Structures are given as C-alpha cells and as structure tokens.
Amino acid sequence: MAYVETANLDGETNLKIRQALPQTAALLEAKDLNRWTATIECEPPNRHLYEFNGNLREQEKAPVALGPDQIFLRGAKLRNTHWAYGAVIYTGHESKFMKNSSPAPLKRSTVDKATNWQILWLFLLLIVLCLISAIASEVWNGRHLPRDWYLGLDELSANNFGYNLLTFIILYNNLIPISLLVTIEVVRFIQAGFISMDLDMYFEETDTPAVARTSNLNEELGQVKYILSDKTGTLTKNVMDFKSCSVAGEVYPLETLELMKVSRLLETRKLKQGNHEHILFMEHFMVLLSSCHTVIPERDATTGNIVYHAASPDERALVRGAAELGYVFTQRTPTTMTVDALGQEQVFEVLHVLEFTSQRKRMSLILRNAEGKIMLYSKGADTVIYERLAPNQQFKSVTLNHLEMFATQGLRTLCCAVAEIDPVFYESWKETYHKASIALHDRENKLDEASNLIERNLTLLGATAIEDKLQDQVPETISALQSADIAVWILTGDKQETAINIGYACKLLTPQMVLIIVNEPSLDTTREMILRHISEFGDALRKLNDCGLIIDGTSLKYALSSDMRRDFLDLCISCRAVICCRVTPMQKAEVVELLTQSTGSVTLAIGDGANDVAMIQKAHVGVGISGQEGMQAVCASDYAIAQFKFLRKLLFVHGSWCYHRMCKLILYSFYKNICLYIIELWYAIWSAWSGQTLFERWCIGLYNVIFTVLPPLALGLFDRICSAETMLKYPGLYKMSQDSETFNVKTFWFWVINSILHSILLFWLPASAMSHDVAWGNGRDGGYLMLGNMVYTYVVVTVCLKAGLEMNCWTVFSHLAIWGSISCWFLFFLFYSALWPVIPVAPDMAQMASITFSSPVFWFGLFLFPFIALLGDLLYKVIHTTLFKSLAEDIRESEIKEDDPGKVLLKATKQRWWHSLLCCGGGSTVHPELPRGSETNNTPHLAPAESAPNRNALSHSHHAPNYGTLHALSRQRHPGDFDDESTPLIGGFRVTQMHVISMPPHQQFLLTETARLLKNVKNVFRRTTPGDLEVELSHGYAFSQEEHGAVSQSEVIRAYDTSIPKPGAHGLPPVLPRF
C-alpha cells in the first residue's frame, strides 16, 4: 500500500491510496523481481487521468485485472512511503501527463489584431493614393507636353507610369506608421514594469510581487469577459480547519473561550459532576470525531508530534479538531484504535466499518468500548442522518437551525449520531452483512441494505462545521468581477460536493440561485439532459440568468463531443456561474478553447498547479498564482500574482488603464502620421504631380523619432480615465474597456478623416497666405522650403496640442511631452539651419530658420492656423462633454470637483434601470451596473419534477404557472450600492422583485437526493419547519474520500498498525509498504 499526491495532475493535495496486486505482494527484493516473469497488457496511450484498463499475465496463471488504483502517474508524488517497486508502462510523450500538455501558443491581443487590420487598410489607402497620383501625373504630362516645350518633359527618360508609381510609393510610404510598432513595444514594456512594481499587488507573507511575464497582452487585461479559475490553491489556501460544532443543541465555536468551556465540560465528566446527560452527548461526540475516520497517525521521530495522514482533508480537519479539544487519536492497529481522552487512554475494538460512498453519503463505525458496549458512530449528510434518527429527538430542530447557520456561512457540514447496539442483534446482523459482502451479484446494493438494518434509531449528537479556507477577499473579488459583467467559471479536479461547497463559500453560488446539475453516465443521457435544459430556457437562452451549472468530468467528456459542443456552450453562457468538477487538465483546456473560439470574447484562465498549464496556455490571458503547488503555472503564465484578490486590481486598474492608453496611443500615432505625410499629396497637386517633396529629408525622418515621440508616450504611460480608487470602488467602469468603446472601426476612420481635414487646413491655409508673395515687405517668398518649414512647424504644434486635447489626466510628464516636443523642433530648426557651411550638411537648409522667423506671416500663422485646425475638435469636445457626456467623463469631472463619483453612477444606474424596466414591462433583465443582489430576476422556467424526474435543481421562476409575482418597494440598503446616506434611491425606495411561489400540491417540486445534498443553503424567503425535511435539509456535507478503490476504507483501517515502526526505519528492512 502506498500514498500518492496528485497535486500536479488534478490540483488535489490530499493523499490517495495505491495498492499492489496480491499476486505481486511477495516480491519484496530485487532478486525476486529478477526471477519473476510476467506480461502487462494495457490500453493504448490516452489522456484520461482517471481511467486505465490492463491485465497482468504470469506464466501458466490466469490474467489479473489492472485498474487506476495500481497506476502511479507521471507528475504524482510518493508520500508517506519510503520505497516502491513498479514497471514502466508509458514513457515520454505517451504518458498521460504529457498527453494532457499542449505546446505554448503565440498570443496576440485583440488590439494587436485590430491594429494589423488598420495598418492593412492604410496600406490599401497608400496604394490607391499612389495610383491616383501616378495617373494624375500621366494626365498632366499628356496635356502639357505639346505646349509647354520649355519644361523639357520629352527629354526625361524615366517619365513613365511605372516610374511615377514608384516615386509616389516612396513619397507616401510614411503613411504606414513603422514607428508605431516601436512605440507600442516601449510603452508595453514600461506598463509591465508598472504592474510588477505595484505595491498593492505585493504579498508580504511570501515576499512575492506581481510579475508581468509578457508585455504584449497588457491591454487584453482590460477586455476580459470570462474568467476560468482553478479551485484548490487558487481560490482556497489548501487548508481546512474545524471551525465550529453543535453538540446537544449548543454551538461551540473553535475559539479560546469556547475551547476552555468544552474542556471544562469534559473535565466535569471525569469528576462525575454537572449535567451528566449533556456531558454524555459531548463525550460520544468527541469519540466519534476521534474514531470514525480512515486517518493514519504517525509520530514524528524528532519532535514527537503526531502527524495525521488522510485521503480526505475533511477527516484530517475533524481529527485535528478533536485533538485540540482534548481527544487525541494516537494509534491504530488492524483491530483496535487508541484515543487519548483528556490524558486517559481509551482503546476501542473495531468491529465493522460501513464505508462512505456517494450513494450512502455517510460513514459508520461499529466499536466495542472498554465497558464492553457495542456502539455505532455515524457521520454524514444531514438528509441521510435525519432519516435514520429515532423518534422524539431532543435537539433535532435546534441542530437543524445550527446547520442552516453553518451553511449560510459557507461552511462544510456533517451530522453526527450514535446508537448502542444490542449484542444479540449484532450477532444476527453480522451474519447478514457477511453474506452480503461475499455476494457475487449486486454486492454493493446488498451491503447497503445490510447497513440500513443497523443504521437506524440513531441518537443525534450534533453537527460539525469545516472551513475550507478561502484566500483573503475571494468572495469580494468574485462579487466585484460579476458586477463588472465578467462571468466566473470554476474548473477543478475536486469532487462535485467539494466544488459546490466552495462555490457557496466564495459567493459564486447564492442561496437564491437555481442549480442545474449534469451528472450523467452516458452520451445519450447527457445529450438528453442538456437539450432539456436548453428548451427550458426558451427566450432566455444565451442571456445571463441567475442560474448555476454544475457538470462532472464524465458528462463533460460527452458534452465536449463534436455534436454537442454548441448546445453545451449555449447552456453554459446562459448561466451566471459554471462549475466543472473532476475534470482533467486537457478538459480544462478544451473548455477554454471552446469558449474562446465560439464566443470571440476575451478569456482569462487562472491557476496555480501543473494541471492548470494547458488551460492557462489556451486562454487569451493566462495568470499563474505562485502558491504551494510549485511554479509550473507561473512559468507558463503571462502574468503571475500571489493571491486571487490581486486579480481585481490587475483587471480593473492596470487592465482598464492599459487598454485606454494603448487605444489612444495607436489612434494618435495614426493621426499624426497621416496629418503630416498626406500633405505630400496636397503638395503634389500644387507641384504638377512631379513627385517633389515639400519637407527636407532629415525633417521627415526625425518627425516620429524626436519631434512627436513624447506625446504618444505620455498618452500610453500616464493618461487615465479615472483614479485607481474609483476604478476599484465601482467595477461597472470596467465595461467601458470591456465593450471596446474607444477602439473600433468607427473610431479608427473618425481619426483618419480628422487627420485628413487637419492636413488640408495646415497646408492650404499657409499656401494661400504665401501665394501673393507677402512673406516680407520686399515681395520675396523664400522658396518652397520656406513653405515646407512653415507647414512642418504648424503640423508639429497642432499634433502636440491635439495630444493635449485627448489627455484625460494632465501630469508634469504631459507638459514636458507637449511643450518639450514643440521646443525640440524650434531648437533643432535653429541648429540644423546653422550647420552649413561649417559642416557640409543640408546646404538647402542654410539660414532657413532666420529667413522663416523673420517673416511676419510665419508668426501670424503660428498662432492662427493650428487654432483653426483644432477649433472643430475643441467645439466637438465642448458640445460632447456638455450635452452627450459619457459616464467616464462624468466620473472624471466629479473627481476634479472632488465630489463623490457614486452619485454619478447612481444617476446612470437609475436611468438605465428604469429604461429597462419600462421596455421590458418589469420582466427579466440583468443589469450589470447594479450591485450584486439588486439585479432583476432572469430565471427561465424549469419543468416540474413530475415531468422531469431527473431534475436536479429547484426552480424559482416567475414564468411557471400559478406563480404570484410581488413587486415590492423596500427601503433596505445593500452593501456596495452606489449611494450614500444623503442620496435616496428612486424616491427614497429601492425597487426589488420578490417571487412568491403559490403552487397546488400536485405541482410542488420534489428535490432529488443529489439536489438535496448539493444545494448548500435553503431559500432565505422560507421558514424552517421540522416536518418538511425533504426540502429543508439541503445542506452540503464534508466528505471527499476516495471510494470504489482497490483498497477499501475498511481495509485501510485494518491494514495499518502504527504501534510498530514503519518499514525501513530504525534499521529495519524495508518490507512494507508494497506497490
């Protein structure tokens, strides 16, 4: 027997049992293996982690079946075991671990892809302009060649269409902004540095900062629509704690004061004082916690402390909790268990172990105590325990209320009960159970029936509450993400029950949410289930509904088949929350790939283990958490953070800022390039399509390198729509970047047309001013270069001031970029025109600065022409921000005025809410702007139980017949609302919808067993009644043992003897364990 940890495969850190075949148990040394001959037959290599079929054939012996419990997968770790012998089956890329791996893809952001298309459009525009210019040149030459003989056009050997076309391609080639790519990479690199240096995303406990491992996806963080997250180590800390318990109707939180209270009660038991009945309940409860389990104790040789090894982290938490309360489980032998009860050693004889299975939902242990009494201790889900209680239980209703309280806190609950067994009945039952255990047909059902015979007339002891510790602020983060219209899916290798409990704990699932559970064993039943749920949604399909979808790995395998992928995706995106359980790493990647390719939305995958690598690589953005499962996910990710809560700032602040900054940078770069270089087209009209350049060649080359390089950097690095505090406080602002409002085809052509209009004004106005030779009083004009330098100066001033108009946040860097760029041009102009003849460079620019600056027309145009060019932009901005103010502009204005932005958001929320309410007639519409919990219901009608017997969820739909709908006005305020105490909500009231169910008895919904167990919290609008157990006992339970393995739980208990040293220790030969 051996323990293995599969955290690198499925993310689970709890140990799993692997057992060698009995036929190989005698092979204890290498010499035995050398003499042993056998053949292993196995299935072809595949990627299914939880499936394996094979046979072991020894010579002249019957074949023996091999299954998953004999397989040690690559990526797993051997734990609590010194050595193991084995034969290698799959190697290299044929191993299941490698089959679940995928090559690292080359990721490009959505903005990058859009920019490439825009550059392609500009290239086509360049070709069109070149063709028009070449044709116009041919036409002009054809008209003027016969009559204007003095031009010598017939003597030009290169005067042909092809030569002219090439000339204009060279002349206009700068329309393609090559410098844009360099600017983008520089800005992205610095933005990545901002992310890595953010102290708010630094985790002090592990000294781990956030790391941007790539820079080309910064803006993609601002467009995320779906987040697909691992559970273990990503949402949780991989730590489970015994948080609280209810014993004999009294709650005992696990705190210092209450611990002292429990200890005093138990000490009173020893002194035979006090309330003996209550103390007896307490003692039985503690014995149950310390004995009814499969935990293996091991005493550390160096420290002397007891270390508990368990296949279930929940059981380990309960045993540790019992130890903290004074009942320490110290030793296990094949027939006995030893517990140190408040310093007194108690030895129990183990008679029978009634194992936990998903059908039984409970585990029972039959012990004989020191007094010779036969006791049955049982723990399990509240539904199955309550059904087996004896009548007239004293604490039944109180414990039920406590279970409800624990469940609403997101804790994993178990009911505990005890019964004293009559020895005569036990001997009779033992024979029945033995016959069931050796049955060849239907053994499992017969064992279950035999167990039911003795698991009855139980006495309720109480309940336990276990906390699977979430990371800090996980519920708040998920709530904020959902408020930003981001759907959160959980893809985990954990069991269904565990994943759903975590879903409730992190507030991904809510008590009012309808659960759709797909847990089918075959392709046909899975297809039938998915299609039925799709039909039930009706018009609400592919719209966000207040539903949660839970699907297991087997059903997911069928759902991802080619003929069901689309239907499965439609069902998923119709639900607010999706949880996929028991999934393999490749299934995680397939879900991400399906969502990415079919919806076109930006996806983000986040995980912390090697089993999350494929998912991280398939998503648009991969985020790795540097947790306790190694660095595989971090090494494969695009961004690395230490805690899930940091995702909030990574998206809402850095993502949104980077997106808006990058969009403005790209659009502005297109603008400034077109604004200057399209002027060559206007000058070609002026110069008879001769191909003459208006600007000096070094001025053309340095335009993007020096004179206009700083404004796009300032836009890309320091501009912001709102402050970080506002972005974090109001997640609805994230939708501005998520919806691509500032970067689309319409916006691109708007900037292109705007730049063309500016170029027209900036060329033709100076050209008109210089057309009558009025540059100086003496009538001189200064030549074409003077006109070119005048136009160039006006363009530099205009594009720099245009950057200032587009900036939302002025900083010292903004001023340096704008005024510094203009100053650089003037200084360069003075320096460059003074080089000749001292340095033989640019003779045609000699003294051009003094010539230009001496002209009154130049200075008149310097103040007038840029103002005329930008006047339209200024008027548009004034009118737009006054009459058609966007939400971002309104928020920014409130920040400048130092007002509360919440009032602005509240006003926008009211308008949108009332508009949707009036348009829909009070129907089903989800408002992502509203705080969590204040949206209107959009739940589809789900068929009643009698028409859908396999229905696994309870519907609260207002579309069902005989449902009364009450639209109530309430003054209740909710956490996170966009208001303050001085601002009333819609006339002082908050509009909510409450759905009051009124159905005849034959239409009552009947919860199936699965729904009863998995629905963690009952409907908050109903009162608890002890008689309505079928509906009210809807709490989760904290079991996650491995079942149906090669080693049963009974064999685990019987196999270990912790009273003897472990094999291989203290000089003993390594005899056990065998693998």
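Observations on the model:
- Residue within region 363-384 that is at pLDDT 90 or above, surrounded by fewer than 23 Cβ atoms within 10 Å (Cβ to Cβ) and in a helix (DSSP H, G or I) present: no
- Within region 183-213, the set of residues being among the hydrophobic types (A, V, I, L, M, F, W, C), over 23 Å from the mean Cα position of the chain (by Cα) and open to solvent by less than 90 Å² (accessible area, probe 1.4 Å) comprises Ile184, Val186, Val187, Ile190.
- Counting only strands (runs of 3 or more DSSP E) that sit wholly inside region 1-109, those with at least 3 residues that are among the aliphatic types (A, V, I, L, M) are 64-66.
- Selection within region 318-336 - open to solvent by less than 40 Å² (accessible area, probe 1.4 Å) and assigned to a helix (DSSP H, G or I): Leu318, Val319, Gly321, Ala322, Ala323
- Sole residue being more than 26 Å from Leu733 (Cα to Cα) and charged (D, E, K, R), chosen from Arg576, Arg542, Arg566: Arg566
- Only listed residue being more than 17 Å from Leu461 (Cβ to Cβ), touching a Ser or Thr at 6+ places or on another chain (Cβ under 7 Å) and open to solvent by 60 Å² or more (accessible area, probe 1.4 Å), chosen from Val424, Val353, Val347: Val347
Rundown of residues vs (1) surrounded by fewer than 13 Cβ atoms within 10 Å (Cβ to Cβ); (2) at negative phi; (3) in contact (Cβ under 8 Å) with a residue 60 or more places away in the chain, yes/no style:
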{"position": "Gly67", "(1), (2), (3)": "no, yes, yes"}
{"position": "Thr81", "(1), (2), (3)": "no, yes, yes"}
{"position": "Val111", "(1), (2), (3)": "no, yes, yes"}
{"position": "Gln118", "(1), (2), (3)": "no, yes, yes"}
{"position": "Leu124", "(1), (2), (3)": "yes, yes, no"}
{"position": "Trp149", "(1), (2), (3)": "yes, yes, no"}
{"position": "Ile169", "(1), (2), (3)": "no, yes, no"}
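- Criterion (assigned by the TED database to the domain that holds Asp890, crowded, with 20+ Cβ neighbours inside 10 Å, more than 21 Å from Ser179 (Cα to Cα) and modelled with pLDDT of 90 or more) met by exactly one of Leu762, Leu728: Leu762
- Residue list for region 694-715, restricted to those being in a loop (DSSP other than H, G, I, E, B), within 27 Å of Arg188 (Cβ to Cβ) and either open to solvent by 30 Å² or more (accessible area, probe 1.4 Å) or not polar (S, T, N, Q) (or both): Val709
- Test: Ser687 is in the same structural domain as Leu757 (by the TED database) and in contact with a Leu (Cβ under 6 Å, 6 or more places away or on another chain): no
- Residues that are within 54 Å of the chain's Cα centre (by Cα) and in contact (Cβ under 8 Å) with a residue 24 or more places away in the chain occur at least once in region 762-785.
- Any hit, region 110-121, residues being in contact with a strand residue (DSSP E or B) (Cβ under 9 Å, 6 or more places away or on another chain) and not aliphatic (A, V, I, L, M): yes
Yes or no, residue by residue, for (1) open to solvent by 10 Å² or more (accessible area, probe 1.4 Å); (2) under 30 Å from Arg188 (Cβ atoms):
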site	(1), (2)
Asn216	yes, yes
Glu220	no, yes
Ser229	no, yes
Lys237	yes, no
Tyr252	no, no
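- For the criterion of being open to solvent by less than 10 Å² (accessible area, probe 1.4 Å), over 25 Å from Asp739 (Cα atoms) and touching a helix residue (DSSP H, G or I) at 6+ places or on another chain (Cβ under 6 Å), Gly622 fails.
- Residue that is surrounded by the most Cβ atoms within 10 Å (Cβ to Cβ), among those in region 283-301 that are of a type in the set (Val, Ile, Thr) and in contact with an Asp or Glu (Cβ under 9 Å, 6 or more places away or on another chain): Thr294
- Just one residue in the set Ser755, Ser740, Ser759, Ser723 is within 13 Å of Cys663 (Cα to Cα) and among the small types (Gly, Ala, Ser); that residue is Ser740.
- Test: Ala25 is open to solvent by less than 30 Å² (accessible area, probe 1.4 Å) and in contact (Cβ under 8 Å) with a residue 60 or more places away in the chain: no
- Within region 394-434, the set of residues being touching a residue at least 12 places away in the same chain (Cβ under 8 Å) and of a type in the set (Ser, Thr, Tyr) comprises Ser397, Thr399, Thr408, Thr413, Tyr426, Thr432, Tyr433.
- On the stretch given as region 595-631, residues that are part of a helix (DSSP H, G or I), closer than 16 Å to Pro105 by Cα and not hydroxyl-bearing (Ser, Thr, Tyr) total 8.
The values are calculated or read from the model by the stated rules, or taken from the named source; none is laboratory data. Because the structure is a prediction, the values reported are computed rather than measured. All Cβ positions, even for glycine, are placed from backbone atoms using ideal geometry, and neighbour counts span all protein chains on display. Remember, those area values only see protein heavy atoms, side chains included, never the ligands or the DNA or RNA. Shrake-Rupley method; radii C 1.70, N 1.55, O 1.52, S 1.80 Å.
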